[in-house]
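The values are calculated or read from the model by the stated rules, or taken from the named source; none is laboratory data. This structure is a prediction, so every number in the text was calculated from the model and none was measured. Ideal geometry is used to build each Cβ from the backbone, glycine not excepted, and the neighbour counts take in all protein chains shown.
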Amino acid sequence: MKSNSRVNPNAHRVAVGQLLNLLLADEFVLYVTTRDYHWNVLGPEFPALHAQFEAQYEQAATWIDDIAERARAIGIGARGNWSDLGQLARISAARGHGLPSVRMLSELLTLHKGLVRQLLLDGRACVEVHHDVGTADFLTGLMREHEKTAWMLRAQIDPGNYLPRRSVQAAKRVAVRR
């Protein structure tokens, strides 16, 4: 059955550009939060977390650039004003000053999980509503990156959830013997 509705391709391109600019704002919050935690982490894990957060905010900076370039590639401007990005963001996290390191990891995990959910929704909209398979593919690749980072953060916060039950029990027996 043929549809009688006429779809304006420009409207789809603009809508996808809006999705990308919202994503740009969300990634900006992730970047700034990770950098904040890099500057403010304290405690015995300081050296490892300081380096980890640095690697993560550098990765987020790359993602921000890639998103802005995708917006430009489809003919839409990329929002670059930091104040605008902060106001558009759909995610937020606690400030780093005085925050325990495990809470920092938990906050970052929450941000990455939120981005995974949003990327899934946006990717579907790109295909099903806006017929932009290229942007959907781009978003899927970015979603995989956030899934991997979330997995690593989860493993740091609660490593017991990533071992089979027998392995956890065996590890406890070994720890008791020592």
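Assorted remarks:
- Considering residues of the stretch 121-132 that are without any contact (Cβ under 8 Å) to a residue 24 or more places away in the chain and surrounded by fewer than 18 Cβ atoms within 10 Å (Cβ to Cβ) only, the residue nearest to Leu42 (Cα to Cα): Leu121
- Taking the stretch 92-105 as the range and being under 22 Å from Leu24 (Cα atoms) and of a type in the set (S, T, N, Q) as the test, only Ser92 passes.
- As a summary of the residue check, Ala73 satisfies the conditions (1) among the aliphatic types (A, V, I, L, M); (2) surrounded by 15 or more Cβ atoms within 10 Å (Cβ to Cβ); (3) without any contact (Cβ under 8 Å) to a residue 40 or more places away in the chain except for the one numbered (2).
- Looking only at the stretch 99-120, and only at residues there that are of a type in the set (Val, Ile, Thr) and within 19 Å of Gln59 (Cα to Cα), the one that is surrounded by the most Cβ atoms within 10 Å (Cβ to Cβ): Val116
- Test for Ser92: is it farther than 27 Å from His131 by Cβ and loosely packed, with under 15 Cβ neighbours inside 10 Å: yes
- Ala11 being exposed (fewer than 13 other Cβ atoms within 10 Å of the Cβ) and either at pLDDT below 95 or assigned to a helix (DSSP H, G or I) (or both): yes
- Sole residue being modelled with pLDDT of 95 or more and not small (Gly, Ala, Ser), chosen from Asp158, Asp132, Asp84: Asp132
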